[in-house]
Structures are given as C-alpha cells and as structure tokens.
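Participant: Just passing along the structure, written as structure tokens.
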Amino acid sequence: MDKRHFLKNLGLGASAALIAPSLLTSCDSASTDSFKFWIWINGNNKKTLDEWKTELTSLREAGITGLLVGGGRNMLEKLIPIATELGQEVHAWLWTLNRPGDKKAQAHPDWYTVSRKGESSLEVNPYVGYYQWLCPSKPEVQEFVKQGMVDHCDIEGLAGIHLDYVRYCDVILPNGLWAKYDLVQDHEMPEFDFCYCDTCRGSFKAQHGYDPKDQEDPSQDEKWRKYRWDSVTQLVNQISEAVHAEGKLLSAAVFPYPELARKLVRQSWNEWNLDMVFPMIYHNFYEEEVEWIEYATAQGVNTLNGRFPLNTGIYLPPTQPHEIAKAIEAAKAGGAKGMSFFSNGSLKDEKLAAFQQLGMGK
Ligand SMILES: [Zn+2]
C-alpha cells in the first residue's frame, strides 16, 4: 500500500508522517497486500494457444500474477497477450553465462571458461552435458550477453528481463546433490574450479602482480575469489544499465543467500543493480526442512538492507501440498516481498488445489 494512501485512510495529514515512522514501518512489514506470487514457466511450443489460456487462467485463479517465461521470443509473444488480459506481469527468463549448444558462442571457443585443471567447459562439460559456460571477464562475452538481453526488450508488453545461470559453474554443489554425482565436495576440486583462462589470469596479474595458478592452493586466495565475484557483478551491472535504458526491469534467479552463493557459485548478488531478486531457496537441495526457508530468506533480506526486494523461490516437485502454506509463511516471516515457484509443470492436481484453497487468487 502506498504510504500516503495509508495515511489518508487513517485520517492523518501528511505532517503525521514525521511523528509516525514506527507506525508506517510496522504497516509495511506486516502488510500482505503487496505480497506477490510468481512462477517460472518452461517454454513449450507444442502447447496450443487455448491450452496456454487454460493454464494461465488456472494459475491466475491460484493467485499467481507474475510469470517468468522461458523459451524465448516466440513463447513471450504468444503468452504476453493472454497474461496481460488476466492481469499478469511477464518477464523474459533467459540463460546468461551457461550457453549449451549456442552456435554463435561456439564460433568463439576462446569465450568459454577454463578450469584449474586446464579444460575448457566447451569441450569438457562439468557435472552435466548441458554445462557450457562463458567467461564473464571477456569484453566480447559481455557485449554478446548484454546484446542478447537488449534484443528481447522490444517485445510488446514485456515488463522485464530475468537472468538465470548468471554465475560461474558450481565449484561446490549443494550438499543434497553430492550423492547423485558421487562426490564429497568439502573443498574446491580443480575440475570444477573456474576460470583460469588467459583473460582472467592476465587481468588478475595486472591488478595484483601474480598469477593465481602459481599459488599452492588458489582456492584459499581471497583476492582471487573476490576477482571472480566482481567479474560477475560487473557483467550484471552492465546488463542492468542496458536493460534500464530500454525501460525494462531487471531481476535474477540466484543461489539461496549471498554468503552461500559466493561460496558455491561465486555470486555476490547483494552487490548487483537489480530491481528484485529471486533466490532459489530449494530446501530439499540442501537437506533442510521447510523452516530453513525463513532462515535463508532473512539472510538475503538482511544482507540486502533494503537495496531491492526479494522474492523467495521454492522448488515444487518434492514439496508436499500440505507444506505449501508453511513455505509461504516461512518466506513472509523472513521478510520476502513475494514468492516464485519452480515450475508450472509441477503446479497441478493436489498442489494446484492447495493454492486455490489458500484463496490467494481472490
Ligand atoms: Zn576467464
């Protein structure tokens, strides 16, 4: 609720704002009026317009008014008119630095990150076949990535750009995934530690006087760690400037909270110039309970210190219908301004019914 509107409703004049700051603060934090529900929507060109209309309508009835839509321009142009009619806001969900099978990028093999082991992620994909990461330190990559985001900004009715995979390859996986990959990642392993390309090593050496690769254990080098956080931050801030110049909002899907994000994927996201952030607080990936959502949300909110709003991201597949209300309460208690759910394919049947029972769509 707008603060002036709130004062007017209470019958207070503008001067009352000077004597009632605590009243305003408590109203803002306790208010649920502006709490917004979002969902990540996977692109699927096989679905007809009528099928999308039915799906978006049921999401709207479940209270979801923000859509992060993948699948590129075609999907966006198809969904935006339907969503607009339903009063839903649409952002383009785009992959940033992980670019599997990107033909334009592949024409430049030197754009890809190189591990401490000396392998390019173009040729040796860490963990999974779809991991092919570009190096954020290279001016050519920055230009390419930025232009790709700007190219989406002329889509009629689009509200903003939503960055995903805006980070380094996971140097350490969430602990809930270690068994799946048969790994115990209690330290940074050379084959998952990026980026040791000539650009990164060269510009680090120009700044600090030594090559990080010559260190006995580069993972212990704080300056080298910070160099890579800053490399992603400056890329995001370049994108931010370009997207804002086009009159669009910028947001990002990030790891649960800044301290953990820096450690796992070199994302210092509290320093980015975003309009809002969507930390993926996927408690099941970290072998945590639903209660952890409040802790992780609060970590992010406190670190941001009001710089921009935070929307808690929830991974739906293993979340039971009865846990949904609990997850929403946890995010609100942690200070989130909204929530997003991954993804539309999982929000059906009993889970959709659980949303509808909460009456958020009314
Ligand atoms: Zn590099």
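Participant: In segment 116-147, which residues are among the hydroxyl-bearing types (Ser, Thr, Tyr) and either without any contact (Cβ under 8 Å) to a residue 12 or more places away in the chain or within 12 Å of the ligand (Cβ to nearest atom) (or both)?
Facilitator: Passing the criteria: SER120, SER121, SER137.
Participant: Pick from LYS337, LYS332, LYS348: which is under 25 Å from ASN42 (Cβ atoms) and touching a Phe, Trp or Tyr at 6+ places or on another chain (Cβ under 8 Å)?
Facilitator: Selected residue: LYS337, the only one of LYS337, LYS332, LYS348 that is under 25 Å from ASN42 (Cβ atoms) and touching a Phe, Trp or Tyr at 6+ places or on another chain (Cβ under 8 Å).
Participant: Do we find that ARG60 is in contact with a helix residue (DSSP H, G or I) (Cβ under 7 Å, 6 or more places away or on another chain) and at pLDDT 95 or above in this structure?
Facilitator: Spelling it out, ARG60 is indeed in contact with a helix residue (DSSP H, G or I) (Cβ under 7 Å, 6 or more places away or on another chain) and at pLDDT 95 or above.
Participant: Which one is nearest to the ligand (Cβ to nearest atom), of the residues in segment 174-192 that are assigned to a loop (DSSP other than H, G, I, E, B) and aliphatic (A, V, I, L, M)?
Facilitator: In this case the residue turns out to be MET189.
Participant: For segment 283-310: of the residues being in contact with an Asp or Glu (Cβ under 9 Å, 6 or more places away or on another chain) and aromatic (Phe, Trp, Tyr), which is farthest from ALA179 (Cα to Cα)?
Facilitator: Result: PHE308.
Participant: May I ask you to list the residues in segment 328-357 that are of a type in the set (D, E, K, R) and on the phi < 0 side of the Ramachandran plot?
Facilitator: GLU329, LYS332, LYS337, LYS348, GLU350, LYS351 - these are the residues of segment 328-357 that are of a type in the set (D, E, K, R) and on the phi < 0 side of the Ramachandran plot.
Participant: Any chance you could count how many residues in segment 186-197 are farther than 15 Å from ASN125 by Cα and in contact with a helix residue (DSSP H, G or I) (Cβ under 8 Å, 6 or more places away or on another chain)?
Facilitator: Total meeting the criteria: 4.
Participant: Among the residues of segment 247-267, are any more than 30 Å from LYS326 (Cα to Cα), in contact (Cβ under 8 Å) with a residue 24 or more places away in the chain and either of a type in the set (Gly, Ala, Ser) or in contact with a Pro (Cβ under 6 Å, 6 or more places away or on another chain) (or both)?
Facilitator: Yes, there is a match, as at least one residue in segment 247-267 is more than 30 Å from LYS326 (Cα to Cα), in contact (Cβ under 8 Å) with a residue 24 or more places away in the chain and either of a type in the set (Gly, Ala, Ser) or in contact with a Pro (Cβ under 6 Å, 6 or more places away or on another chain) (or both).
Participant: Another question about this same structure. Would you tally the residues in segment 193-232 being within 15 Å of the ligand (Cβ to nearest atom) and assigned to a loop (DSSP other than H, G, I, E, B)?
Facilitator: Residues flagged as within 15 Å of the ligand (Cβ to nearest atom) and assigned to a loop (DSSP other than H, G, I, E, B) within segment 193-232 amount to 5.
Participant: Output the number of residues of segment 88-99 satisfying the condition of being of a type outside the set (Lys, Arg), assigned to a loop (DSSP other than H, G, I, E, B) and within 16 Å of the ligand (Cβ to nearest atom).
Facilitator: Within segment 88-99, residues that are of a type outside the set (Lys, Arg), assigned to a loop (DSSP other than H, G, I, E, B) and within 16 Å of the ligand (Cβ to nearest atom) number 2.
Participant: Let me ask another. Quick check on my filter: what residues within segment 318-358 are surrounded by fewer than 19 Cβ atoms within 10 Å (Cβ to Cβ), in contact (Cβ under 8 Å) with a residue 40 or more places away in the chain and more than 22 Å from TRP52 (Cα to Cα)?
Facilitator: Residues satisfying the conditions are GLY335, LYS337, LEU358.
A quick yes/no check of all residues on (1) basic (Lys, Arg); (2) buried (at least 20 other Cβ atoms within 10 Å of the Cβ):
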{"position": "LYS213", "(1), (2)": "yes, no"}
{"position": "PRO218", "(1), (2)": "no, no"}
{"position": "ARG225", "(1), (2)": "yes, no"}
{"position": "SER231", "(1), (2)": "no, yes"}
{"position": "GLU241", "(1), (2)": "no, no"}
{"position": "LYS248", "(1), (2)": "yes, yes"}
{"position": "SER251", "(1), (2)": "no, yes"}
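Participant: In segment 78-87, how many are under 22 Å from the mean Cα position of the chain (by Cα) and either outside any helix (DSSP H, G or I) or acidic (Asp, Glu) (or both)? Steps first, answer last, please.
Facilitator: As a first pass, look at segment 78-87 and keep what is under 22 Å from the mean Cα position of the chain (by Cα): 79-80, 83.
Within this subset, residues satisfying the condition of being either outside any helix (DSSP H, G or I) or acidic (Asp, Glu) (or both) are none.
Within segment 78-87, residues that are under 22 Å from the mean Cα position of the chain (by Cα) and either outside any helix (DSSP H, G or I) or acidic (Asp, Glu) (or both) number 0.
Participant: Would you be able to say whether some residue in segment 100-115 is surrounded by fewer than 20 Cβ atoms within 10 Å (Cβ to Cβ), within 16 Å of the ligand (Cβ to nearest atom) and touching a residue at least 40 places away in the same chain (Cβ under 8 Å)?
Facilitator: Yes: one or more hits.
The values are calculated or read from the model by the stated rules, or taken from the named source; none is laboratory data. Because the structure is predicted, anything quoted here is derived from the model rather than measured. We place every Cβ from the backbone using ideal geometry, glycine too, and count neighbours over all the protein chains shown.
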